[in-house]
Amino acid sequence: MALIPSFFDNQRGSSIFDPFSSLYIWDPFKDLPPFISSSNSLFSRENPAFVNTRIDWKETPEAHVFKADLPGLKKEEVKVEIEDDRVLQISGQRNVEKEDKNDTWHRVERSSGKFLRRFRLPENAKMDQIKACMENGVLTVTVPKEEVKKPDVKTVEISE
């Protein structure tokens, strides 16, 4: 029996795993608990695009800057919170448009539901000076950084 299966012979009864003939599809997530479920109030199976709100995080010399695209949301529908253990939490909700019984929907592509994103802030974050603003559907959270103090170097004279 050959160690490498031949693609040209028609022997399917061999004990060697043949990835081209196998009907088994490996699912790396099958044993994990479901993160998206109808019972979980933070997530919605119907609108995964809004659940997976994308947020950019960049670091400048002066601050850490977070930007989230939240089109159609008002600032009253978004929460920015800081937890004691240096965690920035951005959450919100877009409600589903109310249906009128006389309306006929042909397509529903805009997402709705709740979202929640959390980021652990670095040690150099000034927790008491965080600012957030919302403009044209983009939330910007600015976390100023503490200046890195250079250690005072004192020259010690060497005696003879």
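Give me the distance in nm between label points sitting 7 Å out from Cα along the Cα-to-Cβ direction at residue 123 and residue 55, one decimal.
My value for the distance between the label points is 2.3 nm.
Any idea of residue 119's accessible area? Nearest 10 Å², probe 1.4 Å.
Number for this one is 30 Å².
Give me, ordered by chain and number, the residues 5 or more places off residue 79 or on other chains with an amide H under 5 Å from its own placed amide H.
Answer set, sorted by chain and number: 91, 92.
Under a 5 Å amide H to amide H cut-off, with H placed in plane at 1.01 Å, what residues pair with residue 112 once short-range neighbours are removed?
HN-HN under 5 Å from residue 112: 50.
Mind running the shape call on the stretch 101-160? Use the C-alpha gyration tensor, a ≥ b ≥ c as the square roots of the eigenvalues: rounded below 1.5 for a/c, prolate if a/b tops b/c, oblate otherwise. Before the final figure, lay out the partial values.
Numbers: a/c = 6.22, a/b = 4.74, b/c = 1.31.
Note, shape of the stretch 101-160 comes out prolate.
Can you count the Lys pairs in the stretch 66-134 with C-alpha separation below 17 Å, eight or more apart or on different chains?
Eligible lysine pairs with Cα atoms under 17 Å apart amount to 10.
Less than 15 Å from a label point 7 Å out along the Cα-to-Cβ axis of residue 132: which backbone N atoms in the stretch 58-75 qualify, by residue?
Within reach of a label on residue 132, which here means backbone N under 15 Å from a point 7 Å along Cα→Cβ, the stretch 58-75 contributes 65-71, 73-75.
Using the Cβ atoms and a cut-off under 11 Å, what net charge is assigned to the surroundings of residue 91, where Lys and Arg are +1 and Asp and Glu are -1?
Numbers: positive: 79, 114, 117, 118; negative: 77, 81.
Around residue 91, the charge tally is +2.
Would you please calculate the Kirkwood hydrodynamic radius of the stretch 52-105 over all C-alpha pairs and express it in Å, rounded to one decimal? It would help to have the intermediate numbers written out before the result.
Working: mean 1/r = 0.0707 Å⁻¹.
One decimal place: 14.1 Å for the Kirkwood radius.
The values are calculated or read from the model by the stated rules, or taken from the named source; none is laboratory data. Small disclaimer: the values here were computed from a predicted structure and weren't measured. Cβ sites come from the backbone with ideal geometry, for glycine too, and all protein chains shown count toward neighbours. For accessibility, only protein heavy atoms count, side chains too; no ligands or nucleic acids. Shrake-Rupley method; radii C 1.70, N 1.55, O 1.52, S 1.80 Å.
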